[in-house]
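Asker: Here's a structure for you.
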(Lines give C-alpha, C1' and ligand atoms only; values in the text may rest on other atoms or scores of the structure.)
Protein backbone atom coordinates (compact mmCIF):
# COMPACT_ATOMS: atom_id res chain seq x y z
CA UNK A 1 0.00 0.00 0.00
CA UNK A 2 1.17 3.56 -0.58
CA UNK A 3 0.55 4.78 2.93
CA UNK A 4 -2.10 7.23 1.71
CA UNK A 5 -5.46 7.16 3.39
CA UNK A 6 -8.91 8.35 2.48
CA UNK A 7 -8.89 11.83 1.07
CA UNK A 8 -5.20 11.91 0.10
CA UNK A 9 -5.61 8.69 -1.89
CA UNK A 10 -8.71 10.03 -3.67
CA UNK A 11 -6.94 13.28 -4.51
CA UNK A 12 -3.96 11.39 -5.90
CA UNK A 13 -6.21 9.18 -8.02
CA UNK A 14 -8.14 12.23 -9.21
CA UNK A 15 -4.89 13.84 -10.31
CA UNK A 16 -3.84 10.65 -12.11
CA UNK A 17 -7.20 10.55 -13.86
CA UNK A 18 -6.86 14.17 -14.98
CA UNK A 19 -3.36 13.54 -16.30
CA UNK A 20 -4.58 10.45 -18.14
CA UNK A 21 -7.46 12.36 -19.75
CA UNK A 22 -5.13 15.25 -20.66
CA UNK A 23 -2.58 12.90 -22.27
CA UNK A 24 -5.32 11.01 -24.13
CA UNK A 25 -6.60 14.31 -25.50
CA UNK A 26 -3.16 15.24 -26.76
CA UNK A 27 -2.76 11.85 -28.46
CA UNK A 28 -6.20 12.05 -30.05
CA UNK A 29 -5.56 15.56 -31.41
CA UNK A 30 -2.21 14.47 -32.87
CA UNK A 31 -3.80 11.44 -34.51
CA UNK A 32 -6.60 13.60 -35.91
CA UNK A 33 -4.07 16.07 -37.37
CA UNK A 34 -2.17 13.21 -39.06
CA UNK A 35 -5.41 11.76 -40.42
CA UNK A 36 -6.52 15.14 -41.75
CA UNK A 37 -3.13 15.84 -43.39
CA UNK A 38 -3.30 12.46 -45.16
CA UNK A 39 -6.85 13.19 -46.31
CA UNK A 40 -5.83 16.61 -47.63
CA UNK A 41 -2.94 15.03 -49.54
CA UNK A 42 -5.20 12.34 -51.01
CA UNK A 43 -7.79 14.88 -52.13
CA UNK A 44 -5.05 17.00 -53.70
CA UNK A 45 -4.46 14.13 -56.14
CA UNK A 46 -7.74 15.09 -57.84
CA UNK A 47 -6.43 17.83 -60.14
CA UNK A 48 -8.35 18.02 -63.40
CA UNK A 49 -11.79 19.63 -63.52
CA UNK A 50 -13.28 16.27 -64.62
CA UNK A 51 -11.76 14.46 -61.63
CA UNK A 52 -12.97 17.12 -59.24
CA UNK A 53 -16.47 17.11 -60.75
CA UNK A 54 -16.59 13.32 -60.41
CA UNK A 55 -15.56 13.61 -56.77
CA UNK A 56 -18.25 16.24 -56.09
CA UNK A 57 -20.82 14.00 -57.79
CA UNK A 58 -19.75 11.08 -55.61
CA UNK A 59 -19.99 13.22 -52.48
CA UNK A 60 -23.51 14.29 -53.49
CA UNK A 61 -24.64 10.67 -53.24
CA UNK A 62 -23.89 10.67 -49.49
CA UNK A 63 -25.54 12.69 -46.72
CA UNK A 64 -23.80 16.01 -45.99
CA UNK A 65 -23.31 15.12 -42.32
CA UNK A 66 -21.17 12.14 -43.43
CA UNK A 67 -19.08 14.11 -45.95
CA UNK A 68 -18.81 17.58 -44.47
CA UNK A 69 -15.09 17.28 -43.81
CA UNK A 70 -14.35 16.08 -47.35
CA UNK A 71 -16.51 18.85 -48.82
CA UNK A 72 -14.80 21.52 -46.72
CA UNK A 73 -11.31 20.34 -47.69
CA UNK A 74 -12.21 20.06 -51.36
CA UNK A 75 -13.82 23.52 -51.38
CA UNK A 76 -10.76 24.98 -49.65
CA UNK A 77 -8.44 23.38 -52.19
CA UNK A 78 -10.52 24.70 -55.08
CA UNK A 79 -10.52 28.18 -53.58
CA UNK A 80 -6.76 28.10 -53.18
CA UNK A 81 -6.39 26.99 -56.81
CA UNK A 82 -8.54 29.92 -57.96
CA UNK A 83 -6.60 32.50 -55.94
CA UNK A 84 -3.16 31.47 -57.22
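The values are calculated or read from the model by the stated rules, or taken from the named source; none is laboratory data. Since the structure is predicted, the reported quantities are computational estimates derived from the model, not experimental observations. Ideal geometry is used to build each Cβ from the backbone, glycine not excepted, and the neighbour counts take in all protein chains shown.
Asker: Taking the criterion of being under 17 Å from the mean Cα position of the chain (by Cα) and surrounded by fewer than 10 Cβ atoms within 10 Å (Cβ to Cβ), would at least one residue in the stretch 49-58 satisfy it? So that I can check it myself, show each step before the final result.
Answerer: Our first condition is that a residue be under 17 Å from the mean Cα position of the chain (by Cα); within the stretch 49-58, this holds for none.
Among the residues of the stretch 49-58, not one is under 17 Å from the mean Cα position of the chain (by Cα) and surrounded by fewer than 10 Cβ atoms within 10 Å (Cβ to Cβ), which makes the answer no.
Asker: A further question on this structure: Does residue 67 satisfy the condition of being in a helix (DSSP H, G or I) and more than 17 Å from the chain's Cα centre (by Cα)? Spell out the reasoning first.
Answerer: Details: in a helix (DSSP H, G or I): yes; more than 17 Å from the chain's Cα centre (by Cα): no.
Here the answer is no, as residue 67 does not meet what is asked.
Asker: Considering only residues of the stretch 1-46 that are at pLDDT 90 or above and not in a helix (DSSP H, G or I), which is surrounded by the most Cβ atoms within 10 Å (Cβ to Cβ)?
Answerer: 46
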